[in-house]
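The values are calculated or read from the model by the stated rules, or taken from the named source; none is laboratory data. Keep in mind the model is a prediction, meaning the values are calculated, not measured. So basically every Cβ, Gly included, is an ideal-geometry build from the backbone, and we count neighbours across all protein chains shown. Heavy atoms of the whole protein, side chains included, go into the accessibility calculation; ligands, DNA and RNA do not. Shrake-Rupley method; radii C 1.70, N 1.55, O 1.52, S 1.80 Å.
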Amino acid sequence: ETIVEFIAQARNRESAMFTEAEGKSLLSACGIDTPQGVEIAVGQELPGHLREPLVVKAISATLVHKSDAGGVRVGVTRAELEEVAAQMRESLADFGHTLDGLLVEEMVPAGHEIIAGAVRAPGLGWTVMVGLGGVLVEVFEDVAFGLAPLSNEQILDMLQELRGMKVLNGARGGVKADVPALVTLISRLAGPGGLLASLPDDVVEIDLNPVIVSDTRAVAVDARFVVG
Ligand code: ADP
Ligand code: MG
């Protein structure tokens, strides 16, 4: 089965993670919204179906936090792709990584950045964490925890626990987030019969950081699956 192959391949890499595209294919298969995207080799022509603006992400076996090494560029046009790839290769090299390829995606509309994650807790199953992304999560540690499987009501309760929930509801004239779409996304991950329940024991951690929640969508734009 595919996931068994993903695990075997991940173990052969230094970082023991699924590739971002592999992770996103698993999310997509269980109905979680992910950006349209393709993996290409550097220098390979981009297929025609992706719409600008594009997001270009480095594929590298040793790279975990792509942005830290200049491995993410948003708002890129097709015409800029070659130049961006060249810059990315140099930047990654400065950090000791090799650019193995590019994940090119559609740029999803701006929204609130949420993080959703899960860690396998021995004897307990999966501990699920949600929080507001960016500064709120790092500085204020505004996160809420629960144990899978989570009902939609429990998911909503977790979101209500967040001090930053007011921001999601459109406080201070900001975008009003599609909270029901976010609840659905978390449920497809951590609800009864959700993705977490179907994962083999070898997968020990998942991070969707961020999920971008706009007024019409909740999209997982990054996916990290860690193999133990
Ligand atoms: P990292 O490995 O650094 O966490 P991400 O894939 O999370 O890389 O990308 C970094 C940031 O770029 C995200 O937090 C998000 O703000 C933005 N981003 C990534 N992918 C997309 C996308 N498809 N559409 C819009 N913004 C994106
Ligand atoms: Mg990320």
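For this structure, a couple of remarks:
- Residue count for segment 119-136, restricted to those that are closer than 20 Å to Gly164 by Cβ and either crowded, with 19+ Cβ neighbours inside 10 Å or modelled with pLDDT under 95 (or both): 8
- Among (1) open to solvent by less than 30 Å² (accessible area, probe 1.4 Å); (2) within 16 Å of ligand 2 (Cβ to nearest atom), the one test that Ala177 misses: (2)
- Strands (runs of 3 or more DSSP E) completely within segment 1-105 that count 2 or more residues being open to solvent by less than 30 Å² (accessible area, probe 1.4 Å): 37-40, 54-59
- Residue in segment 206-216 that is among the hydroxyl-bearing types (Ser, Thr, Tyr), under 17 Å from Asp33 (Cβ atoms) and exposed (fewer than 13 other Cβ atoms within 10 Å of the Cβ) present: yes
- For segment 200-228, the set of residues classified as more than 16 Å from ligand 1 (Cβ to nearest atom) and outside any loop (DSSP other than H, G, I, E, B) consists of Val203, Val204, Val227, listed by residue number.
- Residue within segment 137-148 that is in contact with a strand residue (DSSP E or B) (Cβ under 6 Å, 6 or more places away or on another chain), closer than 20 Å to Cys30 by Cβ and open to solvent by less than 20 Å² (accessible area, probe 1.4 Å) present: yes
- Total residues in segment 169-199 satisfying the condition of being more than 12 Å from Gly31 (Cβ to Cβ), of a type in the set (D, E, K, R) and not in a loop (DSSP other than H, G, I, E, B): the figure is 1.
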